[in-house]
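The values are calculated or read from the model by the stated rules, or taken from the named source; none is laboratory data. Being a predicted model, the structure only gives us computed values, none of them experimental. Glycine also receives a Cβ, built like all others from the backbone with ideal geometry; neighbour counts cover every protein chain displayed. Calculation scope for accessible area: heavy atoms of the full protein, side chains included, ligands and nucleic acids excluded. Shrake-Rupley method; radii C 1.70, N 1.55, O 1.52, S 1.80 Å.
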Amino acid sequence: MISFVHAADLHLDSPFAGLGEVDAQLADLLKSATFQAFENVIELCMKRSADFLLVAGDVYDGADRSLRAQLAFRDGLRKLSEAGIRSFIAHGNHDPLDGWASSLQWPEGTHVFGGREVESVLFERDGDPCAIVHGISFPRRQIKANLARRFKPSKSPVPQIGLLHCNVGGDTGHEDWAPCTLGDLAGAGLDYWALGHVHSRNVLSADNPTVVYPGNTQGRHVNESGDRGCFFVEVSAEKQVRTEFVPTDAVRWANEEISIESIDTDEKLLRALEESVRGIQASAGQRPCVCRLTLSGRGPLHKTLQRPGYAEDLLEQLREYGRDLTPAVWVDRIAVQTRPSVDIASRRQSQDIVGDLLGLVADYRENPDRRSELPDLLRTLYEHRLCRKYLDVPGEEQMLSLLEEAESLCLDRLVEEDS
């Protein structure tokens, strides 16, 4: 049995994006969050007595990596070295080999893969071969070649691991560097693929081979919400793989949506928002949180929320509430996306343009035969030469969503709020 920790996308010293004002204590936490997340990775390796650590690219946030980040990374690997734990590092598009690097000396037992060709490194325990790690780094930021096709298994019967920063299947949320397919990875003949680049964790294949994106170790903005971390992996001599996700984030991001449909007083609204903040705190595993709240739906408080300064006062009240929690929750923003309160069932019966509109939408929503006419009606737009590169004719689920949105937008413009 061998065990290792698979991490990626540390982005050490990365600034937190999209934040407005924050209090001084939170600012300090955010400044150190990527470093603390890496320390948590190191502690996991030592606590579980892992054989080695794999880092699949983007150790640093930029090619001109800060000295602070390099020192922190070197010191973490030194702790592992002193504990007899090896480290294997591949660089990615954010920290390619042609970026600036200090002249720091890496600890014994650390292997940084080069960028010219795939290297294969034997891991031994007490002189016995236990695993082979194959890897390659990005020599420069923009790599358009399919690096996965360069990996070949060694003849040794021990478990074989690929370490690669890449984009599998053209993930549209990330730049398409080192593109490859799951078939390319499966065809390489390795047992485990330790991938990096995509910041959301994803087990692309559970076995034969096991292919894993661990995601980044620390969320850095509102779109990287939820738990972030790495994988602890065990591989038996028979090449059976067991994976376990372990959170490492020091500060957690959260998004929460609260509907005002059943809220009719300011007091109830404040209680609902405070309850949401407490729920975010409870789910964060004793970590401080940064959250954004969205008020949505139709309800009688819509007009109140439009009053000048009301949402700002609400935000300040919630910030004070969140500061007093332990650990604290910082409410970064309250987005108001509510709409006027309308009795749709009653309006649908009215003998006017509003009733006709709501009846038509209901017919499309409830009658699949009528709904099948909509793609043809929209085809002129979706297949226009200026649009077809960016738009696909909507499918069934998207069409229902568009109908709902169209109904709401029309009501906002045609109907006064019900009293």
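General remarks:
- For first residues located in segment 311-339 and within 15 Å of L269 (Cβ to Cβ), partners that are open to solvent by less than 80 Å² (accessible area, probe 1.4 Å) and in a loop (DSSP other than H, G, I, E, B) and lie 6+ apart or on another chain with Cβ distances below 9 Å form the pairs T338/I260; T338/G299; T338/L301.
- Qualifying residue in segment 366-381 (condition: touching a Cys at 6+ places or on another chain (Cβ under 8 Å), surrounded by 12 or more Cβ atoms within 10 Å (Cβ to Cβ), modelled with pLDDT of 85 or more and not in a loop (DSSP other than H, G, I, E, B)): no
- Test: residue in segment 86-100 that is farther than 24 Å from C166 by Cβ and aliphatic (A, V, I, L, M): no
- Which numbered condition D75 misses (of (1) open to solvent by less than 50 Å² (accessible area, probe 1.4 Å); (2) modelled with pLDDT of 90 or more; (3) outside any loop (DSSP other than H, G, I, E, B)): (1)
- Counting the residues of segment 86-95 that are open to solvent by 40 Å² or more (accessible area, probe 1.4 Å) and modelled with pLDDT of 95 or more gives 1.
- Residue tally, condition over 23 Å from L164 (Cα atoms) and surrounded by 21 or more Cβ atoms within 10 Å (Cβ to Cβ), over segment 1-25: 1
- Single match in A250, A237, A284 (criterion: open to solvent by 50 Å² or more (accessible area, probe 1.4 Å), among the hydrophobic types (A, V, I, L, M, F, W, C) and under 30 Å from A8 (Cβ atoms)): A237
- Residues in segment 101-155 that are over 28 Å from E234 (Cβ atoms), crowded, with 16+ Cβ neighbours inside 10 Å and not hydrophobic (A, V, I, L, M, F, W, C): G115, R141.
Let's see how each residue does on (1) assigned to a loop (DSSP other than H, G, I, E, B); (2) at pLDDT below 95; (3) of a type in the set (S, T, N, Q); (4) under 20 Å from G215 (Cα atoms):
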{"site": "F4", "(1), (2), (3), (4)": "no, no, no, yes"}
{"site": "A17", "(1), (2), (3), (4)": "yes, yes, no, yes"}
{"site": "G20", "(1), (2), (3), (4)": "yes, yes, no, no"}
{"site": "F38", "(1), (2), (3), (4)": "no, no, no, yes"}
{"site": "R65", "(1), (2), (3), (4)": "yes, yes, no, no"}
{"site": "G84", "(1), (2), (3), (4)": "yes, no, no, no"}
{"site": "L97", "(1), (2), (3), (4)": "yes, yes, no, no"}
{"site": "W100", "(1), (2), (3), (4)": "yes, yes, no, no"}
{"site": "E117", "(1), (2), (3), (4)": "yes, no, no, no"}
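- Among the residues of segment 342-396, just one is within 30 Å of L301 (Cα to Cα) and within 35 Å of the chain's Cα centre (by Cα), namely R365.
- Verdict on V203 being in a loop (DSSP other than H, G, I, E, B), within 22 Å of F4 (Cα to Cα) and not basic (K, R): no
- The set of residues in segment 201-233 that are among the acidic types (D, E) and open to solvent by 50 Å² or more (accessible area, probe 1.4 Å) comprises D207, D227.
- Test: residue in segment 340-354 that is assigned to a helix (DSSP H, G or I), open to solvent by less than 40 Å² (accessible area, probe 1.4 Å) and at pLDDT below 95: yes
- Contact map, segment 141-167: residues that are aromatic (F, W, Y) paired with residues that are modelled with pLDDT of 95 or more, Cβ distance under 6 Å, separation 6+ or inter-chain. Pairs shown: F151/V118; F151/H134; F151/G162; F151/A188.
- Boolean, D412 is out of contact with any Leu (no Cβ under 8 Å at 6 or more places or on another chain), within 29 Å of K303 (Cβ to Cβ) and at pLDDT below 85: yes
- From the options V246, V290, V241, residue that is touching a helix residue (DSSP H, G or I) at 6+ places or on another chain (Cβ under 7 Å) and either of a type in the set (A, V, I, L, M) or farther than 26 Å from E312 by Cα (or both): V246
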